[in-house]
Amino acid sequence: MSNPLPDGSRLTFGTATASYQIEGGPLADGRLPSIWDIFTGVPGKIDDDSDGSVACASYPDPGPDIDLVAGLGVGLYRFSVAWPRVVPEGGTEVNKLGLDYYERLVDGLLERDVTPMATLYHWDLPQTLEDRGGWLVRETAERFADYSLAVHDRLGDRVRLWATLNEPWCSAYLGYASGRHAPGRQVGAQAHRATHHLLLGHGLAAARLREAGADGVGIVLNLTPVIAESEAAAEATDGVDALRNRVWLGPLVDGAYDAGTLRVAPVLADPDLVRPGDLDLVRGSADWLGVNYYTPSRVTDATAAPDPADPAADADLTAFPGLTGFRFAPRHPRTDMDWEVDPDSFTRLLVDTYDRTGLPLVVTENGAAYADATVLPDGTVDDADRIDYLAAHLAAIDSARDAGADVRAWLVWTLMDNFEWSHGYLKKFGLVSVDRADLTRAPKRSYHWLAEVVRRRGR
Ligand code: IFM
């Protein structure tokens, strides 16, 4: 069979979404609650007190979204499968009705000549599994492999690009250390256990998929260039780099956690946690690597005075158990997430990641949240700032390719405004706006911009 990845002779374009952020229908057709259904019910966790119970109401009819994707003219669409739709109890019993939805989605994409890329885990763990320990326990990794195979059994004849996990850093450290994401636990350095079980889950799932004939299995990481802003921050910078980047890439490339990673995460040397063979399973398990990039991480020492007016200055510190004595120092300009805009760091990240891994890269997410306050007389959102961000980051990918990085595709995050996790519906990343009252979709100027880029460059 031919290689399922785009061949890279030119950049392929696409866009992406995730199940909990767009689907709604939390109890439809046998789905049971995920950790996000429970977490969003806890007062104070979501900025606008919202949840994903309606989201963009893409369930059960994916037709309008597929039309929007096709209207962009892009070649690839990355969606995620909701584990609690397919295996609601988290065990081995498969819910056929849940899979029917994804079958309709995939068939609709293929009919419109768009290649589907399925992400198997974009953070919606069945709550039943969390009740048994979630990613802190090994069993979850094993159940993830069973579930992955069930999805492949149904869709593997039509889907050839599989991403196991999306941004496992968030699952481990926002889910179990800072508690800003579901399941909202704060178990300190024990969060590293989740890291290992996520990697193991990826390795087990990749092996099962490969046995079933898959040859386009990847993993999606939110890698970030980690930049020391002061000499005194050198050690902390190394620690942040370890947990953001090396703890994932080490096992994938070398089958090992490196010494600097073990310094900040000593539990990863525990033989009861990291059992013989675990890391061998992970090494070489990816046919391609998904890179999600939004912003770099600038690290400075804690003694450098933070700007008290700067909400981004100490964001997510608790996400790094075992690390102290530093803070983040993002520069300007920034997006509505307070994330620094830095396309040059993107070029460097892609070149360095390709050098480190030798794997074909897919930019599985890249985009920006802006307030979208400017509206043209015909009602179109005039999101010039988002277009500038996207144009600069597309140029950054072109530079990385010119420098030799094997970047095959660029998937813009995201098709439409949706449930942005702990920010609810307050942060808008979409190429298409969604009216919260009646869920009407309206393409923004950035949607038309992307369609024109694709038309000019080829999809
Ligand atoms: O919306 C998220 C997505 O689900 C994962 N990557 C980052 C995006 C923006 O925060």
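Readers should treat all values here as calculations from the given coordinates under stated rules, not as data from a laboratory. Bear in mind that the values here come from a model prediction, so they are computed numbers and not experimental data. Note that we place each Cβ from the backbone using ideal geometry, even for glycine, and neighbour counts take in every protein chain shown.
Observations
- Measuring nothing but alpha carbons in the range 143-262 and taking Rh as the Kirkwood radius, the Rg to Rh ratio lands at 1.04.
- Summarising the amide proton neighbourhood of Val54: residues at separation of 5 or more, or on other chains, whose placed amide H is nearer than 5 Å comprise an empty set.
- Across the range 19-33, computed HN-Hα scalar couplings (Karplus, 6.51 cos²θ - 1.76 cosθ + 1.60, θ = phi - 60°) run 3, 5, 6, 10, 6, x, x, x, 10, 6, 6, x, 5, 10, x Hz from first to last residue, x flagging Gly and Pro.
- Remark: the chain carries a charge dipole of roughly 680 debye about the Cα centre, counting +1 on each Lys and Arg Cβ and -1 on each Asp and Glu Cβ.
- Backbone phi angles across the range 74-90, fed through the Karplus curve with coefficients 6.51, -1.76 and 1.60 (θ = phi - 60°), yield HN-Hα couplings of 6, x, 9, 9, 9, 10, 10, 9, 7, 3, x, 7, 8, 10, x, 7, x Hz in residue order; Gly and Pro are listed as x.
- Rg/Rg_ref, the range 320-459, where Rg_ref = 2.2 N^0.38 Å and atoms are Cα: 1.17
- Taken over the range 88-137, the alpha-carbon convex hull comes to 84 cubic angstrom per residue.
- Put simply, the Cα atoms of the chain extend 53, 49, 49 Å along their principal axes, the longest span coming first.
- Interchain or long-range residues, amide H under 5 Å from Met117's placed H: Tyr77, Arg78, Phe79
- Less than 5 angstrom separates the built amide H of Val291 from those of Leu221, Val362, Val363, Thr364, Glu365, all sequence-distant by 5 or more or on a different chain.
- Applying both filters, DSSP loop and at most 14 other Cβ atoms within 10 Å, to the trypsin sites (Lys or Arg not before Pro) of the range 303-346 gives Arg331.
- Helical contribution to [θ] at 222 nm, DSSP H n ≥ 4, -39,500 (n - 2.57), averaged over the chain, rounded to 500: -9500 deg cm²/dmol
- Projected label distance in nm at Ala189 and Glu452, using a 7 Å step from Cα toward the beta-carbon: 5.5
- Mean Cβ neighbour count within 10 Å, used as a protection proxy, ranking 154-164, 15-25, 446-456 highest first: 15-25, 154-164, 446-456
- When peptides 419-427, 291-299 are sorted by average Cβ neighbour count within 10 Å, with the highest value leading, the order is 291-299, 419-427.
- Here the 3J(HN,Hα) profile of the range 257-271, calculated from phi with Karplus coefficients 6.51, -1.76 and 1.60 at θ = phi - 60°, is 8, 7, 4, x, 5, 5, 4, 8, 9, x, 5, 6, 9, 6, x Hz, Gly and Pro shown as x.
- A Stokes-Einstein calculation at 20 °C with viscosity 1.002 mPa s, built on the Kirkwood radius of the range 261-398 over Cα pairs, returns a diffusion coefficient of 117 µm²/s.
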